[in-house]
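Heads up, the thing below is written out as structure tokens.
The values are calculated or read from the model by the stated rules, or taken from the named source; none is laboratory data. The structure displayed is predicted, hence computed values, not measured ones. FYI the Cβ positions are ideal-geometry reconstructions off the backbone, even for glycines, and counts take in every protein chain you see. For the accessible areas, the whole protein counts, side chains as well, though only heavy atoms, and no ligand, DNA or RNA atoms are used. Shrake-Rupley method; radii C 1.70, N 1.55, O 1.52, S 1.80 Å.
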Amino acid sequence: MTTIMRKSVLGIAGLAFAGGIFAGPATNAEAAPVEAVKPVAMAQADKPGVDKAKLIPHGVQGEQSRIDLGDEQVDNVKAIIAATKKSGMDERAAVVAIATALQESKLENLGHLGDRNDHDSQGLFQQRPSSGWGTVEQITDPEYSTMAFLKGLKQVDGWQDMPLTKAAQTVQVSAYPFHYAQWEQQAADLVAEHWNS
């Protein structure tokens, strides 16, 4: 009886052990996808950001304005950022360009507005063909108009150390030179959001 009992106990223990081995991987396999998701989520959260001190090195000037952007305006933000990178310029240049386009067109690629047009100004930056910015087709192309703006910005000695409104005004020669400053915070936020996207 002792031998039978011992065999039964060992048999039950063996079944429990074998069942644990077979049941264990199935349970762990179910848990594995949850573990696999966590590193992916953490990798997205750890995506390198933009150095925000570079975006607004002098602080904003005056009251800030902000508008809600539609899909086309966001696409224009991305086009400005892409052209800035293509030109070899940094995030601060993108902030200056986006703030300028916010003031000039609210980031809308404007064609000729008839009686409401400022002379022959068109595009994101309201550049004028008669002032040598390019043809209508060129200045209404977001990449071309941004590259033209940035080419002008590169020619401004010390633009990196200027307040945004002075750098933008030196390129644009606007009748309202201080209006660019009001868009600096939104422009910086847009660059922070889209520079690495």
How big, in percent, is the set of alpha carbon pairs in segment 90-197 lying more than 23 Å apart? 21
Charge dipole (debye, nearest 20) of segment 52-181; +1 at Cβ of Lys and Arg, -1 at Cβ of Asp and Glu: 480
Take Ile81, Ile56 and sort them by solvent-accessible surface of the protein heavy atoms, 1.4 Å probe, largest at the top. Ile56, Ile81
